Structures are given as structure tokens and as C-alpha cells.
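Have a look at the structure below before the remarks.
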Amino acid sequence: MASGLGAIILVLIIVKQDVDKSSPEVDLLQGDLVRIQAQHERVKKSLHQITAASIDELSQITSIQAQIATLKATIATKGDRVAGQQGAVLSIQKALTKTPIAHADDVVNSAGGGEENYIMGLKLEGRKIVLLVDRSASMTDEKLIDIIRRKNSSDDNKKKGPKWQRSKRIVHWLLARVPKSSQVAVVVFNRKAMTLAGGWLRGRDSGSIQRLFKELDKVIPTGATNLQVGLQKVRSLQPTNLYLITDGLPTAGQSSYASLNPFSACGGLLGSSSTISGVCRIKLFQQSLIESAPARGVKVNVILLPIEGDPQAAPQYWRWSSATGGLLISPAQSWP
């Protein structure tokens, strides 16, 4: 027993001496612990960063989803509008295909539309409409030298005059816009006046209007401008509206003017002179209106074409048309 007890005491002494000494394994474990703790901190930091990034991305995703929903709603709304517009276009196309290009009662094939139906407020209106067309020699050209040359040329060349061709286009333009319920007559004048196509025509009588155009094509612009004979013919028709197509003041009058004091010096009126002064033309115009203007209440519209050397024509015709409630227009070269 003494031997066993001694051995135990020896063991305890040895163990007690090694207590303060750390083993290599403990050192390794402590090193691992430090590394693990450092790694843990790094993971926690990374996790925090990832969480923050995830929250930011989630916010962006939510915003994008909201934008997508808005765009879808907008697309749906616009799609409905497009569908409605396509339906309207189809309806218009169907209506156009069903609309005949020409009817039996169409008077004139006119490509003009929209605002071309009106020019500076000019509108074809009235129950009984008269177109009074100046067919004197000056209605062939704008410049006096060209008028004189054409005056001494053949009848065919007179009819080809650019201003006369334009005058006929204006007649076409006007007749294409006569109301269906109206009557219309065309009077041409120089020293004499005549009514084309027999007088009053229904506004949409295609056959009669075409016959009128054929007669107008035969008219030769020549001679002096006697506005009074044109107005006398108009007055006999008793219109409600008058549209005058001319280029200046009259150059000829009635023989009875010889006894009137204002015309004592105007030899051109009586054929004793080949020219007439501007002053005499104004007097002649005013006297023609006094004696032969249409009855009160007739609206007068004047389409004044250009000519060289007649500056008083515009103010004189403007006073007349304005007094009747009508218009004076001096259209651009491109019209109609």
C-alpha cells in the first residue's frame, strides 16, 4: 500500500507542474478561434452589405413594376384610341367608296375644295344670280401694247388671250359653286350685250350649263367697254345678286350723253376720238350707274382683273360694291 500511495503522489506532483504550460493543441485552437471570429465579422459585414443592396434592388424592382403597370395602362388606352380611329377611317373609306365621282346633275367638274370655295369672303349666293362678263378688247391682255397687238390680230388669237382665258376660268369657277336652289344667267358685253344659253338656267342644270360653256367659247373679246348696255341687260333680268368680271372703267357710253355738260369734252364717248381720258371714264362710270345700275337691294360683287393704266378703277368699283353690301376683289395671278 505504501508503494501505491507513493506512486499516486508522484503522479499528482507531475500533473501539477504541467498545469501552467499550454499544449500546442490549445494554441492551435485559439488561433482557429481568432480566425473564425474574424471571418464571422467579415461575413456579418458582407451580409449587411448584401441586405442593404437587396433592399435597394427591391425598391428599384418595385418602382420598375409600377412604371410597367403605368405603361401597360397607357398602351391599352392608346390602343383603344387607335382602334377607334381605325374604325373612323374605315367608315370614311367606306363612305368615299360609296360616293360617286360625278352625278348627272353635276354642273362643273371642279377640283377646288375647302377654302378654295371662297376667296377673300366671296361666296356664290342668291336666288337669281347674274354673271356680267366684260368681253371688250382689253380683256385679252394686261399690258396696253399686248392688247393693241392682239386687237389687230385674228379672232382666234383674240380668244387665246391670257386674260380672256382666265376670265372664262373664273366663270367656270363661279358656276361650279352656284347653289342648287338658285337660278343663274350669264351676260357678256362690249358695245352690245347678250345673254348666253337663252337666259335663266337652273343652278344644277348640267346640260344647260355645258351649252353655256360652248357659247362662251365662241365669244370674241373685242370692241369698247360700254358698261351701261351690260347693266341695262342685267336690270331687265331682275337679279338678286350680280357678279361683274371686268378689268377697268368703261370706255364708251350712250349717244345721249352728248347733251350732258360733264361729257362735253369727252369726244371718245361719241366716236369722235380713239382715246378717252381717265377723268371722262370716271364720269362715264358714275353716269352709267345713275341711269342703269341694278335695282336697290341687289348685292354687287366685282372681280377686277389687272390692266395697265387705269388706277381709278379699283376705288370706283369698291364704292359701288360696298354701297350694295358686296365685295371688290382683285385676285392673285394664280387664281383660279
One would report the antiparallel percent of DSSP beta bridges in the stretch 114-329, rounded to the nearest 5, as 25
For W335 and V82, extending 7 Å from Cα along the Cα-Cβ vector and measuring point to point gives, in nm, a value of 4.2
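S153: net charge of surrounding residues, Cβ under 12 Å, Lys/Arg +1, Asp/Glu -1, itself excluded?
Working: positive: R149, R150, K151, K158, K159, K160; negative: D141, D146, D155, D156.
Net local charge, S153 excluded: +2.
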Simple spin-label estimate for E215/K128, 7 Å along Cα→Cβ, in nm, reads 1.7
Per the rule of 0.36 nm per residue minus the C-alpha distance, extending Q37 to Q238 adds in nm 60.5 nm
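Can you tell me the FRET efficiency between Q93 and Q67 if r is taken as the Cβ-Cβ distance and R0 is 45 Å, rounded to the nearest 0.05? Please report the intermediate quantities before stating the final value.
Values: r = 37 Å, r/R0 = 0.83.
Approximately 0.75, to the nearest 0.05.
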For the stretch 114-329, averaging the sequence separation of alpha carbon pairs under 8 Å that lie six or more residues apart and dividing by its residue count, the contact order in percent is 23
Other residues with Cβ under 11 Å from the Cβ of K192 give, with Lys and Arg +1 and Asp and Glu -1, a net charge of +3
Within the stretch 297-328, the residues whose backbone N lies under 20 Å from a label point placed 7 Å from the Cα of R169 along the Cα-to-Cβ direction are 302-308
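Here, each number is a calculation from the coordinates, and none is a lab measurement. This one's a predicted model, so the numbers in the text were calculated from it and none came from an experiment. All Cβ positions, glycine included, derive from the backbone under ideal geometry; neighbour counts span all protein chains shown.
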